[in-house]
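In what follows, a single structure is set out as structure tokens and then discussed.
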Amino acid sequence: MAMEFCPGIKITDKERIEAEGLDPVEISRKSAESFLEQLCRHGFFHSDPHPGNVAVEKGPNGEARIIFYDFGMMDSFGPNERKGLVDFFFAIYYDANVKDACDALERL
């Protein structure tokens with residue numbers, strides 16, 4: 001069942017993305033931000049994000065917008081798992097602390 005038609009460019013179609021004047025680096029950043037926000041902030045996420053379920057379109061302001069299709073596979077992270085994931089990212093990317101990273105993984 002489809003609720004709405006959302007045309008977009010397949011997320012892996014780099015030639016068409018560039019032909020639309022969209023920046024693949026910006027799309028990559030927005031895609032990563034979207035998944036991290038789903039996981040870390042909301043705890044509810046799309047768990048089937050293969051290229052057939054993710055597209056991009058040019059928004060009214062000319063910037064890329066990510067489109068997600070097929071919400072049949074969703075999952076959730078509870079508060080403890082979200083905190084563990086955020087602590088893991090901070091331990092790896094901010095503190096470079098292996099012990100803190102391992103402790104965070106145990107909480108996941």
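Protein heavy-atom accessible surface, 1.4 Å probe, per residue over the chain: 70 Å². Heavy-atom accessible area, probed at 1.4 angstrom with all protein chains present, ranks Val98, Val54 as Val98, Val54, highest first.
Order Glu18, Glu81, Glu26, Glu106, most accessible first, counting only protein heavy atoms with a 1.4 angstrom probe. Can you show the working numbers first?
Details: Glu18 100, Glu81 65, Glu26 35, Glu106 155 Å².
Reading off the accessible areas and sorting them downward yields Glu106, Glu18, Glu81, Glu26.
Charge dipole of the range 1-56 (Cα centre as origin; +1 on each Lys and Arg Cβ, -1 on each Asp and Glu Cβ, all else neutral): 140 debye, rounded to the nearest 20.
Expressed as a whole percent, the accessible area of the range 1-63 that falls on carbon and sulfur atoms is 54 (1.4 Å probe).
Cβ under 12 Å from Cys40's Cβ, Cys40 left aside: what net charge do those residues give with Lys, Arg +1 and Asp, Glu -1? Intermediate results must be reported in sequence, preceding the final value.
Working: positive: Arg41, Arg82, Lys83; negative: Glu33, Glu37, Glu81, Asp87.
Value of the local net charge: -1.
Per-residue SASA remark: Ser34, around 30 Å² accessible (1.4 Å probe; ligands, DNA and RNA not included). Using every pair of separate Cα atoms, the Kirkwood estimate puts the hydrodynamic radius of the range 6-52 at 11.9 angstrom.
Find how much the distance from Asp13 to Phe90 grows on full extension, using 0.36 nm per residue of separation minus their present alpha carbon separation; answer in nm with one decimal. If you can, show how the numbers build up before the last one.
Values: separation 77, 0.36 × 77 = 27.72 nm, distance 3.26 nm.
Result: 24.5 nm gained on full extension.
Total lysine pairs in the chain at Cα distances under 19 Å, for residues eight or more apart or on different chains: 6. Which whole number in µm²/s is D for the chain by Stokes-Einstein, with the Kirkwood Rh taken over Cα pairs at 20 °C and 1.002 mPa s? Translational D for this selection: 137 µm²/s. The relative contact order of the chain comes to 24 percent, based on Cα pairs under 8 Å that sit 6 or more residues apart.
The values are calculated or read from the model by the stated rules, or taken from the named source; none is laboratory data. Remember, it's a predicted structure, so these values are computed and weren't measured experimentally. So basically every Cβ, Gly included, is an ideal-geometry build from the backbone, and we count neighbours across all protein chains shown. All accessible areas refer to the heavy atoms of the entire protein, side chains included, with ligands and DNA or RNA removed. Shrake-Rupley method; radii C 1.70, N 1.55, O 1.52, S 1.80 Å.
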